[in-house]
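The values are calculated or read from the model by the stated rules, or taken from the named source; none is laboratory data. The structure presented is a predicted model; accordingly, all values stated were derived computationally and were not measured. FYI the Cβ positions are ideal-geometry reconstructions off the backbone, even for glycines, and counts take in every protein chain you see. Just so you know, the surface numbers come from the protein's heavy atoms only, side chains and all, with ligands and any DNA or RNA stripped out. Shrake-Rupley method; radii C 1.70, N 1.55, O 1.52, S 1.80 Å.
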Amino acid sequence: MGKPQKKKSLADKVRRTKTTTEIKNNPFEVKINRKKFEVLGRKTKHDVGLPGVSRSKAIQKRKDTLLKEYKQKDKSNKFIDRRFGEYDTKMAPEDKILKRFALERQRTNGKKDIYNLNEEEELTHYGQSLSEIEKFNDALDSDSDSEEKGLLSAELTASHFGGGGGLLRKKTTGEKGSEDGQKPKSRQELIEELIIKSKQEKRERQNQKEEAQELTEKLDQDWKSIQFILSKKPPKSEAKEDENKPKLEEYDMMVRELGFDMKAQPSEKMKTPEEVAREEKERLHKLEADRLRRMQGDVEESKSKKQVHWSADDLNDGFILDKEDKRALSYQDGKWNIEEELEKEKEGEEGDDDDDGDDDEEEEGESGQEEESQSDAESEDENDGSDEEEEDSHSDLDSEQDSEGEEEQTPKPSSSVSEEEQLAQQEAAKAELPYTFTAPESYSDLKSLIHGHTPEKQCLIVERIQKCNHPSLAVGNKLKLQKLFGFLLEYLGELATRSPPELGTINKLIPQLYGLCQLFPDAACKAMQTVLSDSAHEMEEAIEVKGRASFPGLDMLIYLKITALLFPTSDFRHPVVTPALMYISQALTKCPVTTLEEVTSGLILCCLALEYVTLSQRFVPELINFLLGILHLAVPVKQSLGYTVVPPFRPVGKNCDLLVIRSAEGAESWSRKTLPLSGVQGLSFLSEVERDHYRLSLLATCLDLVKRSVLLYKSLSSFDHIFQPIRILLTKHLPVESCSTHIKDLHQEVLVSVSGAPTLQPPLVFDKKKPIPLKLFTPKIVEVLDYGKKRGSSKQERERERLKHKYKKEFKGALREIRKDTKFLAREKLTEIMSRDVERKRKVKELFGSLATQEGEWKAMKRRKK
């Protein structure tokens, strides 16, 4: 008995009914479409209604139509009622039932007798009677190679496996023959006949194969005889050299030679910089270990190379050709040229030997000491390898000697090294440079490593420091090499300040500095900026204190030259080159010229300025003014000049005739020489003639710089205005009549280049064409008499406008419905995907739970077993 249901009170029913009616008839939720005015005969739709009712109806309609089509998409199965007379409307229902009942009885009646074996019916298998298949009369001979291979004949089965089926059948035939008067055959006779028959068939098949082989060979020979006719080429036997045949052209011969040339062989894999650095470090460590061993006198005795024993069982499997003996064929006058190829090969082998020797001598500029140590290490490796080979190759002989015990090995005399040679090797090893160096932590450490060595060895030390402390080998090596750049920069400055300056050492060390700059451009940039800023501050302080500043020393000039080598000078703005160029301009403007040493420094700065602006063609006015001032120093008469000099030069004064030639003898005997950089530090002359020679060298250098400046700035539009003072000075005031021929020729070249009309390029301007005026839209005035109607419209036009308006309205409605349908389908697809995901998560969770349960049961069972 279930629990009695509690009867609902009348108050509850009234309360629920009242709530539902209030919800349905809530006036604040009723939507009313009000009209501005009533129109007679116009039907209105959806004047009053609850919100969301039409939307729910539309969704339900889409579920009934669109959603069903989406679910039945790509599905071809249908339920078709194939009952008799289902779609025949002319038949009565009673006739349909009777006909269907009759057809069903016929169908069941036919199925009942399928497995009834009492009736006399012949059973078949693949269309053959089972009674005939059981007789096995269709088996073939086992020796036959026909398509039905593997089947046994009845006679063979009867003769080998007994049973007498085939023989009895033969006997029956024999009995029938006996009735005709012949004697029946025995079992032995039947077997012999069977064997003879099988051998005869086998012999016939063999004959057929031989005949087919002979026919094939004959066909091949016939084909070879007619093949040349098809290919239009005579056979080799009939081909003869035709004397009247024209010779091949040079191009054809070259093409044929290219066909016989050796193809390019694949090269080894390119190694990464990290791999190269690692291998180089390992090589240096190996060489250093070998040097230390030789310093300690631990020299192993060189073992004489013994003859390698070959065992009787050796198959010589390790035979490898050291080089390729394949020769490229070449032709000369249509024939092979083999003798010349052999001669070339011999010369190539001799050249290879020479090249190998040269390569061994170079080894990155390292001295012959490294080669000796490396060759020692290689000889030791070869000796070790030869010992191992001897041990392996004599293993069979050793076993025989141990077993017999009759023969004894006679010791071979080993070459020993005398004490004097050993001491000489120790001294040579001590004199060698170490192969591994630690990166210096301070400038004094670098000086202690480099001090007392030649420039080549100093360069080698810096190179080995970089190889042993490559950034890819350890974490702190990057910072060490960045410090090394600053130390090298400081060391170059110190070399430049020495007396005399060691310019050769500086030239050797600049490539190492460039390599470090390529590795660490940021650190190099900061180091050079520090040097330039310090020098600029010193110059500003000197100007503030003394009112004048001296030209930069040789060390600063070297730094400016290094800047042009390490960093690009063609950039519009560069963090190092731009401050360096400003520093040069400031020095050319602020530093007065009072001595020949300062003239030399100024000309070096002009050379550097030209080098900085050669690619960018940037105009430097300080350069032109300074060159004009240097030429002004060579003018003897400084009255009515016609040009103006700017500071730091003066028209007249104490040091305004530094380059004026004092003696005619010095002007005539002068020959062109390059200015020494050491002239910046100080000059000493034994006579006035030597001083005049140096002045002429300065003047020639200044003229050369003027010539280079003219070629650089010739394309400027203000070329005449820029070089007009120099043209006046060279034409009217510079005396070159008493100077040497070289000065006269150089003066004439500069004067021609300055006086020549510049090749000015026209400025870029826009093409002149008539401006296009703005479009003026003149309003079309239409007189309207009947407001609300368009004048001049016929009935057809109004009907056309009405249809167009209706078409637009329907088109917009269709677009709106398509968008809603698309949104509905997307929402349904998302719902389907989410449901599949939820179901999959549930199943996965169940699987994990079952697996966890099994694991717990297995662990519990395992604990119980323990």
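Working from label points 7 Å from Cα in the Cα-to-Cβ sense, the residue 835 to residue 732 distance is 10.7 nm.
Per residue, region 63-103 exposes an accessible area of 100 Å² to a 1.4 Å probe, with every protein chain left in place. Averaging Cα coordinates gives a centre for region 546-569 and one for region 819-866; these two points are 77 Å apart. Of the trypsin sites (Lys or Arg not before Pro) in region 245-277, the ones in a loop by DSSP (not H, G, I, E or B) with at most 12 other beta carbons within 10 Å are 247, 263, 269, 271. Ordering 820-832, 843-855, 597-609 by mean Cβ neighbour count within 10 Å, with the highest value first, yields 597-609, 820-832, 843-855. Net charge in the neighbourhood of residue 643 (other residues with Cβ under 13 Å of its Cβ; Lys, Arg +1, Asp, Glu -1) is +3.
Full extension of the chain between residue 689 and residue 765 yields a length gain of 21.5 nm, computed as 0.36 nm times the residue separation minus the alpha carbon distance.
Using the Cβ-Cβ distance between residue 802 and residue 40 with R0 set to 25 Å, the FRET efficiency works out to roughly 0.75. Solvent-accessible area assigned to carbon and sulfur over region 561-603 amounts to 62 percent, based on a 1.4 Å probe. Extension gain for residue 478-residue 282 works out to 68.7 nm (0.36 nm per residue, less the C-alpha to C-alpha distance).
Label separation (residue 518 vs residue 777): 6.7 nm, computed from points 7 Å beyond Cα along the C-beta direction. Rolling a 1.4 Å probe across the protein heavy atoms gives region 555-625 an accessible surface of 36 Å² per residue. In terms of the mean number of neighbouring beta-carbon atoms within 10 Å, the peptides 653-661, 802-810, 456-464, 725-733 order highest first as 456-464, 725-733, 653-661, 802-810.
Our summary gives region 413-514 a relative contact order of 28 percent, counting only alpha carbon pairs under 8 angstrom and 6 or more residues apart.
Annotation for residue 269 and residue 589: the two label points, set 7 Å from Cα along the Cα-Cβ direction, are 5.9 nm apart. Considering only alpha-carbon pairs that sit under 8 angstrom and 6 or more positions apart, the relative contact order computed for region 445-572 is 25 percent.
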